[in-house]
Amino acid sequence: MMKTESTTTTTALNYGDLNDTQRDKLLRYINGNPGIRYRELLRLSNLTNGVLTYHLALLEKSDRIQVDRNENKKMTRYYPNNIPIQETNIIGYIRQDATRQIVLFILQNDLCTFDKIVEHTKKAPSTISWHLKRLKEAGIISVQHGRYLLYHVTDREMVAEVLRKYKQRFIDKVVDRYTEAIEEL
């Protein structure tokens, strides 16, 4: 059977629609989970590596998303294009539960010692030290030297606003993971 021009055009349009649908789906994931990592998108979208990379590159090229490649390009996070760059820096760190616990504790107590942070989070001192180092390098917290090292949030208003604005999205993610784990049992 010979293909006609209209059949080829229809097939091309359907394929284009499918690609638009995949990109729209990715945009929904990114909008709903600012700072989402590549592996999370891969799992949620059920796309292959190559297809996901292709669609993310198109979304980035068309300025529909922001891409943050940190730590020598070892970690890539994706954000909606309407989030200010100052917020993306904070979101990238507070998406992690341990880091978010540390930042919240310091926000609530203003100046905190290392021991108080360890006591509050119930994490190993080496874990807390690693998170504090990263937060300090990112400029999210700073340290006052004295009799004790005292940690405090650098821009309290900005960090508090980001936590308030995106809090529900972080909570939803934790609940979703818990639900998925229960369903697998």
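Values quoted throughout were computed directly from the atomic coordinates according to the rules given, and no laboratory measurement underlies them. On a predicted model such as this, the values are computed, not experimentally measured, just so you know. Ideal geometry is used to build each Cβ from the backbone, glycine not excepted, and the neighbour counts take in all protein chains shown.
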Next on the checklist: What are the ³J(HN,Hα) couplings of the stretch 150-164, residue after residue, when phi is run through the Karplus curve with 6.51, -1.76, 1.60 and θ = phi - 60°? Round to Hz, x for glycine and proline.
Outcome noted: 10, 9, 8, 6, 5, 10, 4, 5, 5, 5, 4, 5, 5, 4, 5
Item to check | ³J(HN,Hα), Karplus 6.51/-1.76/1.60, whole Hz, each residue of the stretch 46-54, x for Gly, Pro | outcome: 6, 8, 6, 3, x, 5, 4, 4, 4
Checklist outcome for this item: Quick calc: nm separation of the 7 Å Cα→Cβ label points for residue 39 and residue 136 -> 2.7
Checklist outcome for this item: All alpha-carbon distances of the stretch 47-87, grouped into 10 Å bins from 0, give the whole-percent distribution 27, 53, 19, 1
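How do 75, 158 line up, fewest other C-beta atoms within 10 Å first?
Working: 75 13, 158 16.
Result, fewest neighbours first: 75, 158.
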Item to check | For residue 36, distant residues with modelled amide H under 5 Å away | outcome: 78
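Compute the length gained on full extension between residue 96 and residue 46: take 0.36 nm times their separation in residues and subtract their Cα-Cα distance, giving the result in nm to one decimal.
Working: separation 50, 0.36 × 50 = 18.00 nm, distance 2.31 nm.
The residue 96-residue 46 span can extend by a further 15.7 nm.
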Item to check | Karplus-derived 3J(HN,Hα), 6.51/-1.76/1.60, for each residue of the stretch 77-89, Hz, glycine and proline x | outcome: 10, 10, 10, x, 6, 9, 8, x, 4, 4, 6, 4, 4
Checklist entry - Can you list the residues, at least 5 places off or on another chain, whose amide H is less than 5 Å from the amide H of residue 75, using H built in the peptide plane? => result 70
